[in-house]
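Working notes for the structure below.
The values are calculated or read from the model by the stated rules, or taken from the named source; none is laboratory data. Values in this document were obtained by computation on a predicted structure and should not be read as measured data. Please note: Cβ atoms are built from the backbone with ideal geometry, for glycine as well, and neighbour counts cover all protein chains shown.
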Amino acid sequence: DWIMGDYIAEAVERIREQVGDEEVILGLSGGVDSSVAAALIHRAIGDQLTCVFVDHGLLRLNEGQMVMDMFAGRLHARVIHVDAADQFLGHLKGVSDPEAKRKIIGREFVEVFKAEAAKLKAGDGGHKGATFLAQGTIYPDVIESGGAKSKKATTIKSHHNVGGLPEQLGLKLLEPLRELFKDEVRELGVALGLPRDMVYRHPFPGPGLGVRILGEIHAEYADLLRRADAIFIEELRATIDPQTGKSWYDLTSQAFAVFLPVKSVGVMGDGRTYEWVVALRAVQTQDFMTAHWAELPHSLLGRVSNRIINEVRGINRVVYDISGKPPATIEWE
Ligand code: XMP
């Protein structure tokens, strides 16, 4: 709309002024904030921006393809797709502690990103090399990191937000969303032409499926989980609540499947199966500090369960998580 159009023009002007003829590198995750930051910066400086998309092998189904289609395909942005799945899964081998897994994923992410930034510095393809690191930091992140020390005495889960990366890389920071709340970031994203589905996505944790596969991670588990999760999300999007006219995806704040490394007995045709279990989690919350489990329609749960068991060979049982936060957290790890 009119006001947003003005805002974009101003933001574009500010970015051009700050960057001049230098170059910018941005870590694209597929999440709302980094996507909107990328779209805005690309609008301002085009090919002076290079996005780096790191696939750690623990992303959702088709995530890499979707990000590449959107940013490289539709927006014609420079995007480097790094397939680092083997590197991440290699380092995670034999590790089952949730915090240890988070630390490894965070550390490897920094390593991969640094290596890509160094390559760009070498200046291939006539590029001068990046002097700016762009991040999709939004206003609530600014407040949280400023007040975190006094507010929180204990950390329950160490969220890996690539902290300290600009210093390590010797890059200047570019954070064009610093003054915006989440709702404003979403409006901006839509105004920049990003699809609504992308801009109104549920949050997805940095360590990805790494904290949704309980205990030790195996590529095979990630594969099964991705397919189960995609079925759940597809059905949530497709099922409209008649009372509100909204989809159950929009009526929930976060929803996903969790892989349980537990085998149970089932029966298929004349045979006995002995296969894995997945749990479905769907919550409603304002601030993610407390949350209610979502009272999804039984018919929806039934459809999801049938589809997962029929379509994902290797899973023969689906359960629904009915735990509130507190005492349970939203993620299982
Ligand atoms: P919990 O499980 O603590 O989750 O109730 C609250 C919110 O935080 C997200 N979460 C993470 N996000 N790195 C992230 O970037 C993490 O390590 C992490 N752990 C939890 C979770 O998805 C939920 O939205």
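Of Leu58, Leu26, which residue is out of contact with any Lys or Arg (no Cβ under 6 Å at 6 or more places or on another chain), part of a strand (DSSP E or B) and not acidic (Asp, Glu)?
Testing whether each residue is out of contact with any Lys or Arg (no Cβ under 6 Å at 6 or more places or on another chain), part of a strand (DSSP E or B) and not acidic (Asp, Glu) leaves just Leu26.
Has region 4-25 got at least one residue that is of a type in the set (Phe, Trp, Tyr), crowded, with 20+ Cβ neighbours inside 10 Å, farther than 22 Å from Asp229 by Cα and touching a helix residue (DSSP H, G or I) at 6+ places or on another chain (Cβ under 8 Å)?
Within region 4-25 (the criterion being of a type in the set (Phe, Trp, Tyr), crowded, with 20+ Cβ neighbours inside 10 Å, farther than 22 Å from Asp229 by Cα and touching a helix residue (DSSP H, G or I) at 6+ places or on another chain (Cβ under 8 Å)), the answer is no, since none of the residues qualifies.
Considering region 289-322 alone, what residues qualify as being among the polar types (S, T, N, Q) and surrounded by 15 or more Cβ atoms within 10 Å (Cβ to Cβ)?
Ser305, Asn316
From the list Leu177, Leu214, Leu225, Leu165, pick out the single residue that is closer than 30 Å to Glu108 by Cα, within 16 Å of the ligand (Cβ to nearest atom) and buried (at least 21 other Cβ atoms within 10 Å of the Cβ).
Only one candidate passes the filter, namely Leu225.
Where the second residue is surrounded by 14 or more Cβ atoms within 10 Å (Cβ to Cβ) and not in a loop (DSSP other than H, G, I, E, B) and the first is on the phi > 0 side of the Ramachandran plot and lies in region 280-305, which pairs have Cβ atoms under 8 Å and are six or more apart or on separate chains?
These pairs meet every condition: Phe288/Gln254.
Exactly one condition in (1) loosely packed, with under 15 Cβ neighbours inside 10 Å; (2) closer than 25 Å to Glu99 by Cα; (3) within 16 Å of the ligand (Cβ to nearest atom) is false for Gln286; which is it?
(2)
Are there any pairs, at least 6 apart or on different chains, whose C-beta atoms fall under 6 Å, with the first in region 196-223 and closer than 16 Å to Ala100 by Cα and the second part of a loop (DSSP other than H, G, I, E, B) and modelled with pLDDT under 95, and if so, which?
Correct list of pairs: Gly206/His160.
Taking only region 2-42 into account, find how many residues are of a type in the set (Asp, Glu) and under 28 Å from the mean Cα position of the chain (by Cα).
Looking only at that region, the number is 2.
Mind checking which helices (runs of 4 or more DSSP H) fall wholly inside region 211-326 and carry at least 2 residues that are closer than 26 Å to Val32 by Cα and modelled with pLDDT of 95 or more?
219-238, 248-251
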